[in-house]
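The values are calculated or read from the model by the stated rules, or taken from the named source; none is laboratory data. None of these values were measured; they are calculated from a predicted model. So basically every Cβ, Gly included, is an ideal-geometry build from the backbone, and we count neighbours across all protein chains shown.
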Amino acid sequence: MARKAWGNGSVKSRLNHYNRRMDARLAAAVAAGKAIAWLSRRLGAGAGSNFPGKVILRLYGRAPEAMASHLPGGCVLVSGTNGKTTTSNLLAGMLRAAGMVPVHNRVGANLMTGITAALAQASSARGIPRGDIGLFEVDEATLPAAVERLRPRLVIVTNLFRDQLDRYGELESLARRMGSALAGLGSRAHVLLNADDPLVASLGKDTDASVHYFGMDSAEETEGGLRHAADSKHCRECGSPLDFETHYFGHMGIYSCPTCGLSRPAPDFAASRVELAGTSGSRVSVVTPTWKGELRLPLPGLYNVHNLLAALGGAQLLGLGEEAVRRGVEGYTTAFGRGERIPVDGRTLFLVLSKNPTGFNEVIRTLRGEGEGMVVLAALNDRIADGRDVSWIWDVDFEELAPLPRRLVATGTRAWDMAVRMKYAGLDGTRLEVRGDLRDALRAALDAAGEGETVFALTTYTATLELRRLLTRMGAVQGLWKEGLP
Amino acid sequence: MTAPVLRICHLYPELMNIYGDRGNVIALTMRCRWRGWEVQVTGLSLGDPLDPSRYDLYFMGGGQDREQMMVCEDLAGEKGEALRAAVEDGAALLSICGGYQLLGKRFLTCTGEDLPGISLFDAETVGGDTRFIGNVAVRCRLEGMEGTLVGFENHSGRTRLGPAGKPLGEVIKGYGNNGEDGSEGCVYRHAIGTYLHGSLLPKNPSLADWLILRALRRRYDLEQLPPLDDALEEEAHRAALYMVLRKGPRLRLPRWGGWRASGRFG
């Protein structure tokens, strides 16, 4: 009877017909997306990294899974609050060093729309991606949807901090949603988690996938006592406060629960020794199940050591060897806004994305290595992508930044909030300047710096984009899209 | 007169601190230091006894559900009694969001938990299924403080004041206590409960001084506080107020500059 409802003709031919129709629909959607991306670039409207994806998803809701199903190497997802972009860029470098072509959303467009746009951008007119493997950074809240659609073979979670609680609800419920997303993975998938983050380490307990950990075993680089920005200080199992034997930053460290006995999982990919060298990078001794060695990481700060371990672990789980890892790390070029050095007017602009308390505290720690008397440009925006709520600046230890700059220029849509924060952190009025307009602020900061000096720009997400756009117009850097999309 | 010492009791600093609430303690501290006065901040957590004779000003921030439950249990009994006695005695208190909810009569969470409060404020809170999120402006109705308050709210609890509950002010823009009756916060003697994060006090310096003056008056002979240069704070207040009152979403004009810079169209 059921056959009858389908009408005449075999099921197979119906299916073929259906598939052809869907192929046509995918091709049309991809063509529309590409056209819009091209147009937006042509008009200088920016990188066009989300809107084309929106259009494609509207035209054909299953476009991302249809395109991703053609990737021979499957998909890898990188999620977490901080370090997604750096981790996935490091991993992309390692994959390229191994001769693979990753399809990669490099511009940090990490919602479903951005992933769709990146896939379309890399695809042929029929919607077949020209690449070996999908490598996508995914916003924490988007992870469940991305896992369900893309059926990844590897999911990496870097860390979980309070970032934009006004968007995501509270950290605990976010962790619950991410945990159940990982529970949906099959037994052939891999999950790579940060052992040093108690919240992230607990995410792997319900999944069938094989779970691996990365973490730092170096006790030298620590800070005393938990910072104000520490978010996850209680055991997720029983709620009692965790004991930290070693503490790196935020709530990262070597911990155990005195009540229920939960402890930090032993990392499979570990840093046994870390030697930090200010803003220029660090030397890291790594231990993996198959090899040991020392790597020179051209990225500053302890947080980037975590990113390195996450990328290195991911590379090994994908079958890459030491050589590819080494070449990927050492040939790394900074992702946009993550510690870039840009020459402008005879000065150097050091651009660091600083978007949440833990990230900011780490940046401040790195700046302390530069001594005193520098010029700082601090741009605080409250656009949707930054989080509309800027109260997180009160959780940053700006008290440690305050003695450093001889001039700090506050700017962004929330310039005054930034200025008030710095005043209460102890920066006196003679060293503080407020410029609402980013262009004026950049000018003021460059003028305050001497020839050949470095201006440290600490900027929230959209402020980084705006600053970058401004620099493009000034001719200091190439357009973002020229290098942003694969 | 000897230089005043402000003794702040920070309740549950590691459990109840969300959306930068500790900025309020920083603001109180710095505003006393700039006047040349000493400040002692004592953190009290689960199980620590509260001696009301030792503090002038109490502060409690907001927290997530689980932390709130732990604090609720800890406040039941003697500690809650001591806190109420302190406020009856004229001590100043500021509680934000989750802290405010626990100082009311009860808080019925959206997961069905019934948390009894210490009934300092005549207020009851029921968890809702949507969150009230956004910038807020409030016309302040405190005795001895005119003007507006600005902040950021983010809460799912709907608080309703009882007959004895006096609101902190009226919402000019935003949701406030429950999104319906236009009231925001609650005041009892020198105790304030409010939903305003922000942090609240740095951008509302006159409220910070209102609390400091009342906290110190019990022990020192103070008519008024020596004024500070608040030009920066007031500018930030004005900027935030302007941002809240501006109607509609922020429109961003097309980037004509981009066209010209590309050299193709102009």
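Yes or no: the stretch A:299-306 includes at least one residue that is under 20 Å from the mean Cα position of the chain (by Cα), outside the structural domain of A:ASN89 (by TED's automatic domain parsing), part of a loop (DSSP other than H, G, I, E, B) and under 28 Å from A:MET474 (Cβ atoms).
No.
Sort out for me the helices (runs of 4 or more DSSP H) sitting completely within the stretch A:139-214 that have 1 or more residues that are buried (at least 22 other Cβ atoms within 10 Å of the Cβ) and free of Cβ contacts under 8 Å to residues at least 40 places away in the same chain.
By residue number, A:171-183.
Is it the case that A:GLU433 is modelled with pLDDT of 95 or more and surrounded by fewer than 22 Cβ atoms within 10 Å (Cβ to Cβ)?
When the stated conditions are applied, A:GLU433 passes them.
Among the residues of the stretch B:109-139, which ones are acidic (Asp, Glu) and either within 15 Å of B:ASP65 (Cβ to Cβ) or part of a strand (DSSP E or B) (or both)?
Across the stretch B:109-139, the qualifying residues are B:GLU113, B:ASP114, B:GLU124, B:ASP129.
State which residue is nearest to the other protein chains (Cβ to nearest Cβ) when the search covers only the stretch B:131-147 and only residues that are more than 11 Å from B:LYS173 (Cα to Cα) and in contact with a Gly (Cβ under 9 Å, 6 or more places away or on another chain).
Within the stretch B:131-147, the subset more than 11 Å from B:LYS173 (Cα to Cα) is B:131-133, B:140-147.
Right, trim to in contact with a Gly (Cβ under 9 Å, 6 or more places away or on another chain) and you get B:131-132, B:140-142.
Values: B:ARG131: 7, B:PHE132: 11, B:CYS140: 19, B:ARG141: 24, B:LEU142: 21 Å.
Ranking the qualifying residues of the stretch B:131-147, first place goes to B:ARG131.
So which residues in the stretch A:202-219 are within 16 Å of A:PHE249 (Cβ to Cβ) and over 18 Å from the mean Cα position of the chain (by Cα), if there are any at all?
A:MET216, A:ASP217, A:SER218, A:ALA219
Step by step: first the residues of the stretch A:28-44, then only those that are surrounded by 16 or more Cβ atoms within 10 Å (Cβ to Cβ) and within 14 Å of chain B (Cβ to nearest Cβ), then the one that is modelled with the highest pLDDT. Which residue is that?
In this case the residue turns out to be A:SER40.
Among the numbered criteria (1) over 30 Å from A:GLY74 (Cα atoms); (2) part of a strand (DSSP E or B), which one does A:THR279 miss?
(2)
Please verify whether the stretch A:454-465 includes one or more residues that are free of Cβ contacts under 8 Å to residues at least 40 places away in the same chain, surrounded by fewer than 21 Cβ atoms within 10 Å (Cβ to Cβ) and over 22 Å from A:THR85 (Cα atoms).
No: zero hits.
In the stretch B:151-165, is there at least one residue being at pLDDT 95 or above, more than 24 Å from B:MET69 (Cβ to Cβ), touching a Gly at 6+ places or on another chain (Cβ under 8 Å) and not in a strand (DSSP E or B)?
No: the stretch B:151-165 contains no residue that is at pLDDT 95 or above, more than 24 Å from B:MET69 (Cβ to Cβ), touching a Gly at 6+ places or on another chain (Cβ under 8 Å) and not in a strand (DSSP E or B).
Return the only residue of A:GLY387, A:GLY426, A:GLY412 being surrounded by fewer than 20 Cβ atoms within 10 Å (Cβ to Cβ) and under 28 Å from B:ALA231 (Cα atoms).
Residue meeting the stated conditions: A:GLY426.
Considering only residues that are more than 20 Å from A:ARG421 (Cα to Cα) and among the polar types (S, T, N, Q), which ones fall in the stretch B:7-62?
If the condition is that a residue be more than 20 Å from A:ARG421 (Cα to Cα) and among the polar types (S, T, N, Q), then B:GLN40, B:THR42, B:SER45, B:SER53 are the ones that fit.
Check every one of the helices (runs of 4 or more DSSP H) wholly within the stretch B:2-108 and list those with 2 or more residues that are facing chain A (nearest Cβ under 10 Å), in contact (Cβ under 8 Å) with a residue 24 or more places away in the chain and surrounded by 15 or more Cβ atoms within 10 Å (Cβ to Cβ).
B:22-33, B:65-75
Give the number of residues within the stretch B:52-66 that are of a type in the set (D, E, K, R) and closer than 25 Å to B:ALA208 by Cβ.
Residues flagged as of a type in the set (D, E, K, R) and closer than 25 Å to B:ALA208 by Cβ within the stretch B:52-66 amount to 2.
In the set A:ALA120, A:ALA125, A:ALA92, A:ALA68, which member is surrounded by fewer than 21 Cβ atoms within 10 Å (Cβ to Cβ) and of a type outside the set (Lys, Arg)?
A:ALA125
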